[in-house]
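Visitor: Right, I'll just put the structure down here and ask away after.
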Amino acid sequence: MKRLFIATLALFATFSVRADEPVDLGHMVVYSGEVSFEEARSGLKFAVGNLGMVISDELHLSEMLDRTGADIGAAKRVFEHAETIAWCSASLSRKMIEAQPTSLVFCPFAISLYTLDGQPDKVYAAYRKPYLGEASDAARAIMEEVEAMYHEVAEAAVSGGF
């Protein structure tokens, strides 16, 4: 029995993913983890769908930066992969905008996923931190829900989502 327990632990340790603590930069929050870009993208999409939300856009930023960099003579490649994935939640967006109409600027919700050039085994997930300034308690409460949703989706991305 003890050997079975140890073998099971060894098996799960093989599949463990190391995710770092998120870094709050004031205007944005950055998560990171040691998963492939493809695993992070799948984890993010799975988390968004699991929350009942629909992805509305996928921006392939590394491809655009590589293409336009060549056009302007920029030689340095910054990202191996970089995409921004945007989605919407009809109910959460509606509550957010009813509580504070200027919150419209936070729609759609979006997280940027990227790996730095030459570092394909560490993925980053970053989002703009919702900020309201002077706002009602109701608006602040909704933004706490938004922040919790962002945390759940970003955490799923950097841990591979499963």
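Visitor: Sorting PHE106, PHE46 on the 10 Å Cβ count, fewest up front, what's the list? Don't skip to the answer; put the middle values down first.
Guide: Values: PHE106 20, PHE46 16.
Taking fewest neighbouring Cβ atoms as first place, the list is PHE46, PHE106.
Visitor: Okay, moving on. Among THR84, THR102, THR115, which comes first, then next, by fewest other beta-carbon atoms within 10 Å?
Guide: Values: THR84 16, THR102 11, THR115 21.
Sorted ascending by nearby Cβ count, the order is THR102, THR84, THR115.
Here, each number is a calculation from the coordinates, and none is a lab measurement. These numbers come from a predicted model, not from an experiment. Cβ sites come from the backbone with ideal geometry, for glycine too, and all protein chains shown count toward neighbours.
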